[in-house]
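Below is one structure, written out as structure tokens; the observations come after it.
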Amino acid sequence: MYALTNCTIYTTDSILTNHTVVVEEGHISRIQPVTELDSAIKQIDLQGANLCPGFIDLQINGCGGVMFNGDISEQTLETMQSANLKSGTTSYLPTLITSTNEDITKALTVTRQYMDKKSNEVLGLHLEGPFLSLAKKGIHRAEFIRQPEQAMVDLICASNDVVTTITVAPENVSSDVIKQFIKAGINVSIGHSNATYKQASATIESGATLATHLFNAMSSMIGREPGMLGAIYDHHLYAGIIVDGFHVSYPNIRISKRLLGEKLILVTDATAPVNADIDQFDFVGTSVYYKEGKCVGKDGTLGGSALTMIDAIKNSVKHVGIELQEAIRMATLYPARAISIDHKLGSITAGKIANLTAFNNDYKVTATIVNGELLTH
């Protein structure tokens, strides 16, 4: 048991000063005034930092110099977890973009093995594809994009202990397949799609609840056709957004926040350069170059990002005008709600898992806690 003191606590419900968070056996035991703290409890001084729930990232391709598609292994997941902690992300969905059936099958096995050994770090797999749109493929390899095959759909559904989210293009996936994913308890996200408003709405009505990297690789609102973007707004989906200044303009983020409110979620779409000293990496056979904060292929196509979650929060506050408390919720409580894990993560509440992040007023992460284990940075 220990108590975290000398910090401003962002519980997601309130902002507390002169209070302490007591951690015991990997859980948050209680939040109480410092004056009521038992003097026998060990105290850890956070030196005036902000303390909040650990960040939850629902879309990470890689970081720490590695890519999950490039090396589908437990070591890659371990490296990504370690790199994430440097920027405050305590839990995440490793993201496998459009791949072969063999790679998908391997990713299911590897992720399951990792999750069996370590809890509340990897929260499941995000399959970004392969049932996407060629017209909006982005960095995804065209030869791997395909129509749903029943055997693979069945395998994914049978792996619902591992697959948390799957991104699909509404125009290429039938309502029966969507309903099969939903029945299996897998969150369906719409993305990499050239769908019309009607097509996207049909998929939403079949059970899709999320949208993948809003504005990127999706049909937009043009003239009389609202497109997929319009359907996301109209149906008020949870939507991940990459706040790095490259993927989406800041005014569009501000407009989206006004329209979607608590459904807008910060994601990084991070790749190998995050918390690593590299300027080039391979993304499913495509060379991607990291320069001046941007990750692009030779043709200028964005290939993921070099964004960290703490910088996404910083950008949301400084460039979008979102209050810090709300930006924190966008990286903690709202993603937890989006994948239905808010009963155990996403806020500082007695009884929840002690996954926590501390950062100073310069947006530097100073400490993270995972399952009650403290790591200073």
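No value in this document is a laboratory result; all are computed from the given coordinates. This one's a predicted model, so the numbers in the text were calculated from it and none came from an experiment. Don't worry about glycine lacking a Cβ; one is built from the backbone with ideal geometry, like all the others, and counts go over all protein chains shown.
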- Query: Which of LYS263/LYS352; LYS118/LYS314; LYS86/LYS118; LYS86/LYS314; LYS263/LYS294 have a Cα-Cα distance over 20 Å?
  - Reply: LYS263/LYS352; LYS118/LYS314; LYS263/LYS294
- Message: Give me the extension gain from HIS377 to ASP161: residue separation times 0.36 nm, minus the current Cα-Cα distance, reported in nm with one decimal.
- Response: 74.5 nm
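Magnitude of the Cβ-charge dipole of segment 55-338, K/R +1 and D/E -1, about the Cα centre, nearest 20 debye?
Details: 24 positive and 29 negative charges, 144 e Å.
Once rounded to the nearest 20, the dipole reads 700 debye.
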- What FRET efficiency would be calculated for the residue pair GLN280, THR100, taking the C-beta separation as r and a Förster radius of 22 Å, to the nearest 0.05? 0.40
- Phi angles of segment 5-13, converted by Karplus (6.51 cos²θ - 1.76 cosθ + 1.60, θ = phi - 60°) into ³J(HN,Hα) in whole Hz with x for Gly and Pro, give 10, 6, 8, 9, 9, 9, 6, 5, 8
- Task: Return the aspartates and glutamates within reach of LYS42: Cα separation strictly under 13 angstrom, same-chain partners fewer than 8 residues apart disregarded; answer none if there are no such residues.
- Result: GLU24
- Message: Can you list residues from other chains, or at least 5 along the same chain, whose modelled amide H is less than 5 Å from the amide H of ASP57?
- Response: SER91, TYR92, LEU93
- Between ALA367 and residues 5 or more places away or on another chain, which pairs have amide H atoms under 5 Å apart, with H built 1.01 Å from N, and which residues are they? ALA358, HIS377
- Message: Restricting to bridges with both residues inside segment 55-338, how much of the DSSP beta-bridge set is antiparallel, in percent to the nearest 5?
- Response: 30
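Report, please, the projected area of segment 55-338 averaged over directions, based on the convex hull of its C-alpha atoms, in nm².
On the way: hull surface 52.3 nm².
Averaged projected hull area, Cα only: 13.1 nm².
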- Query: Check VAL163: other-chain or 5+ apart residues with amide H under 5 Å from its amide H, H built from backbone geometry?
  - Reply: LEU125
- Item | Whole-number percent relative contact order across the chain, with pairs defined as alpha carbons under 8 Å at least 6 apart | 21
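On full extension of the chain, what length is gained from GLN43 through GLN147, given 0.36 nm per residue of separation minus the C-alpha to C-alpha distance? Please report the intermediate quantities before stating the final value.
Details: separation 104, 0.36 × 104 = 37.44 nm, distance 5.61 nm.
Length gained, GLN43 through GLN147: 31.8 nm.
Find, to one decimal place in angstroms, the Kirkwood hydrodynamic radius of segment 1-145, where the mean of 1/r is taken over every pair of different Cα atoms and then inverted. Don't skip to the end; give the middle numbers.
Numbers: mean 1/r = 0.0568 Å⁻¹.
Mean inverse Cα-Cα distance, inverted, gives 17.6 Å.
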- Return, ordered by residue number, the residues of segment 128-166 whose backbone nitrogen is under 18 Å from a label point located 7 Å along Cα→Cβ of SER220. 135-139
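For segment 107-171, what is the convex hull volume of its Cα atoms per residue in Å³? Don't jump to the answer; show the numbers that get you there.
On the way: hull volume 6.4 nm³, N = 65.
Hull volume over Cα atoms, normalised by residue count, gives 99 Å³.
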- Task: Would you calculate the separation in nanometres between label points at LYS179 and GLN325, each defined as 7 Å from the Cα along the Cα-to-beta-carbon direction?
- Result: 4.4
